[in-house]
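Asker: Supplied in structure tokens, the structure appears directly below.
The values are calculated or read from the model by the stated rules, or taken from the named source; none is laboratory data. On a predicted model such as this, the values are computed, not experimentally measured, just so you know. Because the Cβ atoms are built from the backbone with ideal geometry, glycine has one as well, and the counts that use them run over all protein chains shown.
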Amino acid sequence: MATVDRNTLKSWFIRGARPTAEQFVSWIDSFFHRDDDIPAERIEGLQKAFDDKADRKALETVSGLVQEIRNDLNSETGTLNSLASQTYAAKVAANAAAALAQGATQAAAEATEAAREEITIMEALRLQLVISAALVPSKMELVFPAVVSIRNSGVPRIIARLLPVYALQNVLFLPASGDAVTVLPDGRLVLNHTGSATVYVIPTNATHLHRSATITVRNPYLRKVAGGGLRRTSSGRLRII
């Protein structure tokens, strides 16, 4: 049915009137039911309110976006400043690390060179010790005249022989008691007077092998032959020993 205006509808339902079924239908169709969907254009001012609200919403949205952009820019600026600071700090740290690395490399090179020199010295000392140990004698043989005549025409001496033969043959002669003889550095004996003298013979490289040599200097005497005569030299002189 067609929509009927409000005044017409009122005229159908005045006192004493008898509305028809069609009028009731028109009356019902002229109004919106609670379950009906009311078109927006039928509500007075709704579209304008929607438009105004849309404009405000858009404005608020744009303002929000602008604020977000501003916030993002501020955040990005802070991030860039932080990154710049970190980059500068990292550059400073990298330069310091490079300097430390260079110093460490130099120190390592110097330490390596010093270690090489130390190893060379230690190797030389080791070889010296090995050689010295090899040259240490283990035994000493001593030959000397226990009794010698003050008129001895030869050159008596103390002979020290260190074994093994490749050991250092260095010995010292130190007087222990008496001065009847003097021992020269090469072992030769200087006869001073009759009497006795004791001399220490000490290997310089093995002092534990030291021994003593006691030498008696006596007066000369004549030797006899088997028949009781005096012994003579080939030139006919008396042999004094």
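Asker: Of all residues in region 158-196 being β-branched (Val, Ile, Thr) and over 22 Å from ALA206 (Cβ atoms), which is surrounded by the fewest Cβ atoms within 10 Å (Cβ to Cβ)?
Answerer: VAL190
Asker: LEU127: surrounded by 11 or more Cβ atoms within 10 Å (Cβ to Cβ), of a type in the set (A, V, I, L, M) and without any contact (Cβ under 8 Å) to a residue 60 or more places away in the chain, yes or no?
Answerer: Answer is no for this residue.
Asker: Shifting gears a bit: Can you find, within region 132-157, the residue that is surrounded by the fewest Cβ atoms within 10 Å (Cβ to Cβ) among those that are within 27 Å of ARG218 (Cβ to Cβ) and without any contact (Cβ under 8 Å) to a residue 24 or more places away in the chain?
Answerer: Filtering region 132-157 for residues that are within 27 Å of ARG218 (Cβ to Cβ) and without any contact (Cβ under 8 Å) to a residue 24 or more places away in the chain, the one surrounded by the fewest Cβ atoms within 10 Å (Cβ to Cβ) comes out as SER153.
Asker: Quickly run through region 173-212 and pick out the residues that are assigned to a strand (DSSP E or B), closer than 20 Å to SER149 by Cα and touching a residue at least 40 places away in the same chain (Cβ under 8 Å).
Answerer: Answer for region 173-212, where residues must be assigned to a strand (DSSP E or B), closer than 20 Å to SER149 by Cα and touching a residue at least 40 places away in the same chain (Cβ under 8 Å): LEU189, LEU191, VAL199.
Asker: Here's another thing I want to ask about it. Would a scan of region 38-51 turn up a residue that is part of a helix (DSSP H, G or I) and either over 30 Å from VAL4 (Cβ atoms) or among the polar types (S, T, N, Q) (or both)?
Answerer: Yes - at least one qualifying residue is present in region 38-51.
Asker: Somewhere in region 20-41, is a residue over 60 Å from the mean Cα position of the chain (by Cα), basic (Lys, Arg) and at pLDDT 85 or above? Quick ask: steps written out before the conclusion?
Answerer: Just the residues of region 20-41 that are over 60 Å from the mean Cα position of the chain (by Cα), to begin with: 20-41.
Subsequent filtering for residues that are basic (Lys, Arg) retains 34.
Next, from what is left, pick out any that are at pLDDT 85 or above: none.
There is no residue in region 20-41 that is over 60 Å from the mean Cα position of the chain (by Cα), basic (Lys, Arg) and at pLDDT 85 or above.
Asker: Residue check: is LEU209 of a type outside the set (Asp, Glu) and within 51 Å of the chain's Cα centre (by Cα)?
Answerer: Yes; evaluated as a whole, the condition is true for this residue.
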